[in-house]
Amino acid sequence: MNLAHIKFEPIKEAGLEDEIRVMAERAGLTVSRVMQVDASRRSQHSNAYFTGIGRVKRIVLYDTLIRQMTHQEILAVLAHEIGHWKKGHLWKQLVMTEVGALLACFAAWWLLGWGGLPGLIGLQGGSFAAQLTILAFLGSMLAFPFTPFSSWLSRRHEREADRYATELSGHPEALASALIKLSAENLANLHPHPLFAWFYYSHPPVVERVKRLQASADYQRQSA
């Protein structure tokens, strides 16, 4: 992607910026700017994100998202992203990644110094490059069993963000309809095999998320 051709501009949708600022304030965020980017020049993929250090954030919406969704749906999507920030998912995953990288580097240093890596595959010796190749192969095998845990943790974070978005926006049905639209645009598999989803999926299947949100919307209506 040529970043020189990405165009950021103030959001054009009437009233949407004020609604975003009000919701962000309820979450304890200060919004410096609300911008839109001309993503439709490259694809129909929809997205939204916010950047910034601390509680001051800059929010960016894809123009495709603005065109495809209602105001409530856009607010629900942003509330989900705010949920990740409020729950500390980013820094938790960052700490886990860095600790894992540190342990992997230490293990690589020890194994390369040990000198027995070539013998594990029946070789008498091997160059440094050959030992790195063996190390990479062994590392991939050892990391594979941890995939379900990583996937489970990510799905847990997504469910927490969904619950937070429901509380912040007050419209679980809007997040449900937004997820349906996003899955259609991204050609998501709505009915993956349960074992495959359990092992690999970083997000709960869309059908599961929509059912949870619809149940939350029904509960809200019954409680009103």
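Observations on the structure shown:
- Looking at segment 34-159 alone, DSSP beta bridges between its own residues are antiparallel in about 50 percent of cases.
- At an R0 of 45 angstrom, the distance between the Cβ atoms of S223 and E9 translates into a FRET efficiency of 0.60.
- Fully extended contour minus Cα-Cα distance, from L132 to L112, at 0.36 nm per residue: 6.4 nm
- Cross-link reach list, aspartates and glutamates versus K211, counting only Cα pairs under 16 Å and skipping chain neighbours closer than eight places: E158, E160, D162, E173
- Here W152 and M35 are evaluated by their C-beta separation; at R0 = 41 Å the FRET efficiency comes out at 0.75.
- Working from label points 7 Å from Cα in the Cα-to-Cβ sense, the L142 to T97 distance is 2.1 nm.
- Share, in percent, of DSSP beta bridges within the chain that are antiparallel, nearest 5: 50 percent
- Label selected from (i) 169; (ii) 146; (iii) 121, the criterion being volume of the Cα convex hull per residue in Å³ as computed here: (i)
Every number here is computed from the coordinates shown, using simple stated rules; none is lab data. Just so it is clear, the model here is predicted, and its values are computed rather than measured. Quick reminder, even Gly has a Cβ in these numbers, built from the backbone with ideal geometry, and neighbours come from all protein chains shown.
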